[in-house]
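Asks: This is the structure I have questions about; it appears just below.
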Amino acid sequence: MNLRVRNNNSFMEGAARMKTEKKIDEDIGFEQICFGLSREIDEQSLALFLRLFSRDELLKTLIPRLADDDITQIVHQMTGVLHKYLREKEYHEIFLGNYEHQH
């Protein structure tokens, strides 16, 4: 994975903007994604990266090109993260959107 660390003013202004925002705004461009400066900026960058990754146009292009092993690996990695960090209730409500699940 490439870690980008820049020192130019526009990047630092963008990083400062990201730091002050509680919610990732779709107006922030991909050039604002940066890892390695701080935990807060890493979290905001990851949120934006995942939003970009889940765009319909990208998924329609990428998914048919994936090998079966790639699909399996992605699903296992992502479900592993969900199960590691979410309680069962959170998994059903937040991820699945199933607020009627009783367990």
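Asks: Is there any pair linking a residue in region 37-64 that is of a type in the set (Val, Ile, Thr) to one that is modelled with pLDDT of 90 or more and part of a helix (DSSP H, G or I), with Cβ under 8 Å and at least six apart or on different chains, and which?
Replies: As it stands, the answer is Ile63/Ile71, since those pairs meet every condition given.
Asks: Please enumerate the residues belonging to region 56-81 that are within 15 Å of the chain's Cα centre (by Cα) and surrounded by 11 or more Cβ atoms within 10 Å (Cβ to Cβ).
Replies: Scanning region 56-81 gives Leu58, Leu59, Ile74, Met78, Thr79.
Asks: If you don't mind, there's one more thing I want to ask. I'd like the full set of residues that are among the basic types (Lys, Arg) and in contact with a Cys (Cβ under 9 Å, 6 or more places away or on another chain), limited to region 35-62. Give the steps one after another, and end with the answer.
Replies: We begin by selecting, within region 35-62, every residue among the basic types (Lys, Arg); these are 39, 51, 55, 60.
Once the filter is applied, which keeps residues that are among the basic types (Lys, Arg) and in contact with a Cys (Cβ under 9 Å, 6 or more places away or on another chain), region 35-62 yields nothing.
Asks: Mind checking which residues of region 91-103 are acidic (Asp, Glu) and surrounded by 12 or more Cβ atoms within 10 Å (Cβ to Cβ)? Break it down into steps so the answer makes sense when it comes.
Replies: Residues of region 91-103 that are acidic (Asp, Glu), as a first pass: 93, 100.
Correct list: Glu93 only.
Asks: Between a residue in region 68-79 that is assigned by TED's automatic domain parsing to the domain that holds Leu50 and any residue that is not in a helix (DSSP H, G or I), which pairs come within a Cβ distance under 6 Å, given they are 6 or more apart or on different chains?
Replies: Filtered contacts from region 68-79: no entries.
Asks: Just checking: which of the helices (runs of 4 or more DSSP H) contained wholly in region 30-103 hold 2 or more residues that are modelled with pLDDT of 95 or more? Outline the logic, then answer.
Replies: Values: elements: 39-53, 56-62, 68-85.
By residue number, 56-62, 68-85.
The values are calculated or read from the model by the stated rules, or taken from the named source; none is laboratory data. Quantities reported herein were computed from a predicted structural model and do not represent experimental measurements. A quick note on method: Cβ atoms are made from the backbone with ideal geometry, for glycine too, and the neighbour counts reach across all protein chains shown.
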